[in-house]
Structures are given as structure tokens and as C-alpha cells.
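Right, one structure below, let's go through it.
The values are calculated or read from the model by the stated rules, or taken from the named source; none is laboratory data. Because the structure is a prediction, the values reported are computed rather than measured. A quick note on method: Cβ atoms are made from the backbone with ideal geometry, for glycine too, and the neighbour counts reach across all protein chains shown. These area figures cover heavy atoms from the full protein model, side chains too; ligands, DNA and RNA do not enter into them. Shrake-Rupley method; radii C 1.70, N 1.55, O 1.52, S 1.80 Å.
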Amino acid sequence: MTAEYKVQGDIALITLNNPPVNGLGLATRLGITTGLEQAQADPAVKAIVLTGAGKAFSGGADIKEFGTPKALAEPNLLSVILAVENCSKPVVAAIHSVAMGGGLELSLGCHYRIAAPGANIALPEVKLGLIPGAGGTQRLPRVLGVEAALNMIVSGEPVKSEMLAQLPGQKLFDKLASSPDTLLEEAFALAREVAAKHADGSPLPLVRHLPCKHKDGDAYFQFARNMVKGMAKNFPAPAKCVDAVEAATQQKFDQGMATEREMFINLMWTPECRALRHLFMAERAASKIPDVPEDTPQRKIEKVAVIGAGTMGGGISMNFLNAGIPVTILEMKQEALDRGVGVMRGNYEAQVKKGKLKQDKLDQRMGLLKTTVDYADIQDADLVIEAVFEDIGVKEAVFKKLDEVMKPGAILASNTSTLDLNKIAAFTKRPQDVVGLHFFSPANVMKLLEVVRGDKTGKDVMATVMAVAKKIKKTAVVSGVCDGFIGNRMIEQYGRQGGFLLDEGCTPAQVDRAIEKFGFAMGPFRMGDLAGNDIGWAIRKRRYQEKPDMKYSKTADLLCEKGRFGQKVGKGWYDYKPGKRDAIPNAEVEQMIVEHRQALGITPRKISDEEIVQRLVFSLVNEAAHILEEGIANKASDIDVVYIFGYGFPVHRGGPLKYADEVGLFNVMQAMKRFQKNPLDDAAFWQPAPLIQRLVAEGKNFNG
Ligand code: NAI
């Protein structure tokens, strides 16, 4: 059992002990109910204190049990909370560190609550597409008031215990302990006090008996509904949070609980909830590498060097400075350093101006930064990240130099986005120390980090960089070596489809609108304008040499020949007013597309939004299937993480492969076969990947 029971004098202490956060798995739930029974059967026990061992009171449901029968097995959490409420002796929750989700709901079933200052209190279920399902929506408003409770439930964000304790009229905590160290002692004192108080058999207080009203009733909930609609357009759960809390104000407690239950179960079956739960697990799974066990020894990373102070070098450095890790940037010339450091300082200053960063933090971070033009100044760095020009000759010179100067055991990383990492590793005599760290632009903002594992990259290097990624708050996904790695290799196919769609009859605005309605932050053409159309042009020019048989639309090349490189020059697929990012359709571009179509002898056809979305998204899916099959990605969920965190794929769809699973792989394959028959598309590309064919034949999904 993962809850301990012991008696100290006249108080029984039940301690949840299910590391890391005392998740309320079956064994823990059983531990609580068994402890309650023991305490009630023991005449020496006058009251019970319920607390958590280690780093939490309780973090809520046990994620290891997600989706398994154990999650619902009796006693389920509702039954445990009922057992606490019905306990004949007072139960005091002693809350510290973390009380979230089911953990907070459990404490709300207790007769009394005492919290240590600094504890994070939250009902985060909305982040998984759910509402709290064990009474949270009915009990929290009764102790905090409707507005404070609804804010917590709709946002899912943690609030510190001492903040909540200050809310006027709050009944969440009967007492705030003076410090985490004295929590247990003070909880025992409270338990003795309330045991004496109820020695006369007076009823124990229950949250369910408290009133729940809002003075402006309907008007308030209408306001809340409007707020939530604007914030969460693709997710049903936040609106249900409002409904459930409203039910708490209108229905009797038991009826409100039934309403909450019904909403909870209905939400569980929505694709949005499945997508969020998938991503929650996928993000955690991404840090695990099948053949690199968790106890693999790691190297110490205390000093970092970055080569190149350009767009990427600056952003990469900021990540480490933000995490308190000193960085030395090396450039060829002092001017380049000054420019790069100026940009970084400017970024921090903008954050200070917006009130997102304090001035002393800026000073502290910039204080950790050193610059140099001399390799001797970086030779003792533990990790060096190269972010120089994307040219194999330049990379060769840099890595040969690094091999010469860096101390033994230093990790040598490249931020290359297209070059062969194995080749880069071979420039050194220590390929086991070389790894790719592919950051995304802007590198100080984007969460995704592709960790590129070369054929010879050491396991300890992999373990180390995955841990470093966590430290600098990146979501790291491992990719094998191939052109474009996971993300860019897939986006190339998506871009190609965008081109064919123009040739066949679409305007850029129509394509962008369709995929943005699907949920992408930005369609391919607005995205091209933002990133710079010249980047894709350079890649295509290379492809025309490498893969002369590969079919491409030439429209994007024609656009580039007109110098329409995108936002940076004020014109691309769209026009841009100075300082503005609004994309304004341009008649000349549309005429250019029409003329190109005519030159190719194509009669334009009307293409539905559905076809646009399917061709764009399924092109990602087919390429992803090849990537999985080749072992470039370790698992399907890694690819979903790449697309959600690096490419603006709609979160409520759960990533391209989760989306394909939801559509049904049979249907996806049928669509691919239809696209194969389109003479203007690329029939060879649309041959469904063997993995998809196999999964369909076996009745399986990408994500199990
Ligand atoms: P950039 O042109 O902005 O910066 C490159 C910097 O490296 C320049 O400041 C240059 O002076 C410096 N440099 C060149 N050779 C050097 C040498 N031998 N020693 C020291 N410094 C040297 O380029 P950017 O965009 O920052 O790209 C850098 C790397 O990051 C490239 O490999 C690129 O493919 C990769 N990358 C770029 C992304 C982007 O969106 N810009 C995204 C992901 C990766």
C-alpha cells in the first residue's frame, strides 16, 4: 500500500506515499480507506491527520493509471472522499507543496484543512480537456466564493496557499501554518483542538453543507461564459467549467455532483480531451529514449559556449542565461559580437518594458554573458553549441578547431538545420561527443528542440542533452540524421502541396484560410512570408539538382524572382504595410498565378476547404510514416510533439498522427489513393507509406 498509517498518542496519521507526487492510484486510495477504518476502530484515536510524504500533499490522479481499469476501480476517488466525509472522527488535511486536482478534491472532503505557506493549489483538469470530476466544481466555490473558484477552475493555474488564505471569507483553510517545517506539529494541535470540540458528538463540518451563491447570479455567469468563449474557442471544457460551477449555485449538492459527473464523462469522450491527454503523455514520453536508460550517467554542464552571435546564436544563449548558466559567445569579429549582444539586450529590455522581466533580472542575466573572438576563452566550456553559417565548409573549419581546443569530455553540438550531422561529427576525432541541437527561431521563445542523434553520439551525451533541455525549459524530441530531420522534412511535403493547390485553382488566401480554420496558427503562405520565401527557394534550388525527378510547383520561384521574399521586404505572397503584420492579398501575385496556370495549360477548378486541409495534413502524415519506419523518430507521439511545439499544429487536434488516428487510418489511406489519381499532383508521393498500409491491415493506429 502506498499510504502509511501510524498512531501518535491520540492522533492517527495517514501519510500518502506514492512518489513522485503521491498520485491517487488504486493502492494509495486503498491505503486511505484502510487507514480511516483502522482509526475509527481504535478507541485511543480521537482524530486523524491526512498528509503527503516528500514533495507533495497530492498531485491528483496517478498518471501511470491513465486509461487503465485501475483508474476507475473501487474505491474510486469519489468513494474515498465520501469515506473521509463519513468518518466518525475528525479528519484534518495537512497540505503542503502541491495539492492539485484530485489531491485538492480529497482535501475538500476533509472536515478541516491546514496548509503550509508556499503550497501550490490548483484544479488543472481543464488543461487535459476536462473539468474536475471528484467534486471540485461543487466544493471549491463553497469555500472560496464563486468567482475565485471559477477563475482557478477555468485557468487550471496554481495559486499559492498564502494568497488563498488571504481571500476575505474563505473557508478553504481553517489555518495557515507558520512554516512548512511546523505544518505537522500544527496539524496535530488542530486535530486535538477539534477532537475536543466535537467530543460532545456535535456534527463534523462538511464543505457540502456550505451555501453556494453569487450575488449577481445569471449576469455573472453570462459574463463568465462570454469571457471563456473568447479565450478557448477550440475547446469545450472551459465553458463546461462555467456550467458546472453555475450548477453548484443552482442545484442541491448531490444533484450538482451528478451534473459534474455527467459533464466530466461527456468531456472524456471528446476528441479535444483525447488530444490533450495524448499530448500530456506524449510530452513526457518524448524525453525517454528506448536504449538510453534513465540511470545513464550524465556529464556536468556548468559552462556553455556558443559559436556565432547571429539570429540563432543570440536566442540560444538567452535560454542558458535565463536558466542561470554562464555563456561565452565566440564570433569572428568584435562588430558581430557587439551587434549580437545588442540584439539580446534589446530583447530583454523589451521584456522589462512590458513588465515581464525585472530590471535586476536583466542585469543578472547579462552579467552571466561573456564574449570573445579567441577560442582559448571557451576551451573549458562543458557544452559548445555551433550556430554559424549553414555551410559545410564553415562548419568543418569550426569543428576542426573545436576538436583541437575543447577540453576532453566537452559536448560539441551543432544547430545545423539541414546538414549531415554524421559528416560534421567526422570532422572531429571525437564523434561520440558530437550531437545536433536544432533550435527553432526565435530560439529564446520556441519550446521545441530537436536533438539530433548521430550514428556515433554517446548515450551519456544523449542523456545529458535531454536533461539540459529540461533545464532550459525546452521540449526535446530525438531525431535521427536525415535531411530536414523530423520537422522540416515533413514541412517540405506540406509546402509542396501548397504549391500544387495554387497551380490547380486556389489563391494563397484561400489555402491559408482553410488551414487556419482547421486550427493552424498560420497557413503556409503567411508562414512563408514570415520566415522568408528565399529560404524555401534556396532549398528547392538544391533539390532540383539532387532530385531532378521530384515534382514541384514553380509558382514560389516566380514569386521570388520578383523579389517578393516576404514580410522583411514588405511583400511576398501578400503585401504588408510598414510595421504591420496584416497580410493583404495582392492582385499582381494572383495574376502571376493565373498566368502560370495558363502557361501550363491547366484549367482551374474549385477546390473545397476539405480537400485543402486533407492534402496539407495528410502530406505531413505520409512523410511522418516514412520517418517512423526509417527509425528517424522513435515513436509516433514524438512527431506529434514536434508539430505542436514547433510548427503551430492545432493543439486541439493533438498533432498530425493523433489527428490521423482520429480520422481513422483507413480513411486517411483512401484519401491518399484519391490524391494519387490527380494528374497535377505527385502520384509517387501519395503512395501510402508501407507503415500506414500495415497499420490499416492490422486494424491499428499510429498511437497504439
Ligand atoms: P546568421 O547568419 O544570423 O548568424 C550566423 C553568425 O555566425 C553570424 O553572426 C556570423 O558572423 C557567425 N559566424 C560565421 N562563421 C563563423 C565562424 N567561423 N566563427 C564564428 N562565428 C561565425 O545565421 P542563423 O540564422 O543564426 O543560423 C545559424 C545556424 O542555425 C545555421 O546552421 C542555420 O541553419 C541554423 N538554424 C537557423 C534557423 C533560423 O530560423 N534562422 C533555425 C534553425 C537552425
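Of note:
- Here LYS89 is the anchor, and the aspartates and glutamates within straight C-alpha reach of less than 20 Å, apart from those fewer than 8 places off in the same chain, are GLU4, ASP10, GLU37, ASP42, GLU105, ASP174, GLU185, GLU186, GLU193, ASP200.
- Residues in region 245-279 reached by a label modelled at LYS229 [backbone nitrogen below 13 Å; 7 Å Cα→Cβ]: none
- Descending principal axes extents, region 470-530, alpha-carbon based, whole Å: 46, 24, 19
- Take every DSSP beta bridge whose two residues both sit in region 3-268; close to 30 percent of them are antiparallel.
- Comparing region 36-108 with the 2.2 N^0.38 Å rule of thumb, its C-alpha radius of gyration ratio is 1.18 (two decimals).
- Take the Cα of ASP42, step 7 Å toward its Cβ, do the same at LYS554, and the gap between the two points is 8.6 nm.
- In nm, spacing of pseudo-spin labels at ALA376 and LYS361 (7 Å Cα→C-beta vector): 3.8
- For region 304-479: Kirkwood Rh in Å [reciprocal of mean 1/r, alpha carbons]: 16.1
- Heavy-atom accessible area with a 1.4 Å probe sorts VAL7, VAL98, largest first, into VAL7, VAL98.
- Euclidean distance of C-alpha centroids, region 49-97 and region 327-395, integer Å: 48
- Accessible-area composition of the chain, carbon plus sulfur, in percent [1.4 Å probe]: 56
- Cα centroids of region 537-573 and region 151-189: 59 Å apart.
- Between the helical axis of 271-286 and the longest alpha-carbon principal axis of the chain there is an angle of about 80 degrees.
- Calculated FRET efficiency for the pair HIS209/GLU147, C-beta based, R₀ 22 Å, to 0.05: 0.55
- In Å², nearest 10: area of MET446 left accessible to a 1.4 Å probe: 50
- Computed from backbone phi with θ = phi - 60° and the Karplus coefficients 6.51, -1.76 and 1.60, the 3J(HN,Hα) list for region 15-23 is 10, 5, 9, 9, x, x, 10, 6, x Hz; x is used for glycine and proline.
- Shape metrics for region 11-155, restricted to C-alpha atoms - Rg then Dmax, Å: 14.3, 45
- Ligands, DNA and RNA are left out, and with a 1.4 angstrom probe the accessible area of the chain is 44 Å² per residue.
- According to the Kirkwood relation over distinct C-alpha pairs, the hydrodynamic radius of the chain is 28.5 Å.
- P(r) of region 583-704 over all Cα-Cα pairs, binned every 5 Å from zero, in whole percent: 2, 10, 18, 20, 17, 12, 9, 8, 4, 1, 0
- Spin-label pair LYS353/LYS300, simplified geometry with 7 Å Cα→Cβ offset, distance in nm: 4.1
- Cross-link table LYS361/LYS577; LYS175/LYS229; LYS333/LYS356; LYS459/LYS635, entries beyond 28 Å C-alpha to C-alpha: LYS361/LYS577; LYS175/LYS229; LYS333/LYS356
- Tail fraction, Cα-Cα pairs, region 6-80, threshold 21 Å, whole percent: 29
- Rounded to whole Å, sorted largest first: equivalent-ellipsoid semi-axes of region 3-268, Cα gyration tensor: 29, 20, 17
- Nearest 10 degrees, 0 to 90: helix 26-41 Cα axis against the chain principal axis: 10
- With 0.36 nm allotted per residue and the present C-alpha distance subtracted, the GLU335-LYS580 stretch has 85.2 nm of extension available.
- Listed pairs LYS429/LYS473; LYS606/LYS700; LYS6/LYS252; LYS407/LYS471; LYS303/LYS429; LYS354/LYS395 exceeding 26 Å between Cα atoms: LYS429/LYS473; LYS606/LYS700; LYS6/LYS252; LYS354/LYS395
- Alpha-carbon radius of gyration plus Dmax, which is the widest Cα pair, for region 487-697 in Å: 16.8, 54
- Cα gyration tensor, region 555-595 - rounded (a/c under 1.5), prolate or oblate: oblate
- Helix axis angle, 459-471 relative to the chain longest principal axis, alpha carbon, degrees: 70
- The peptide list 586-592, 614-620, 282-288, put in order of mean Cβ contacts within 10 Å with the highest first, becomes 614-620, 282-288, 586-592.
- Over all orientations, region 268-351 has a Cα convex hull whose mean projected area works out to 9.4 square nanometres.
- Summing +1 for each Lys or Arg and -1 for each Asp or Glu among the other residues whose beta-carbon sits under 9 angstrom from that of LEU600 gives +1.
- Region 368-437 has equivalent-ellipsoid semi-axes of 18, 14, 11 Å, by the square roots of 5 times the alpha carbon gyration tensor eigenvalues, sorted largest first.
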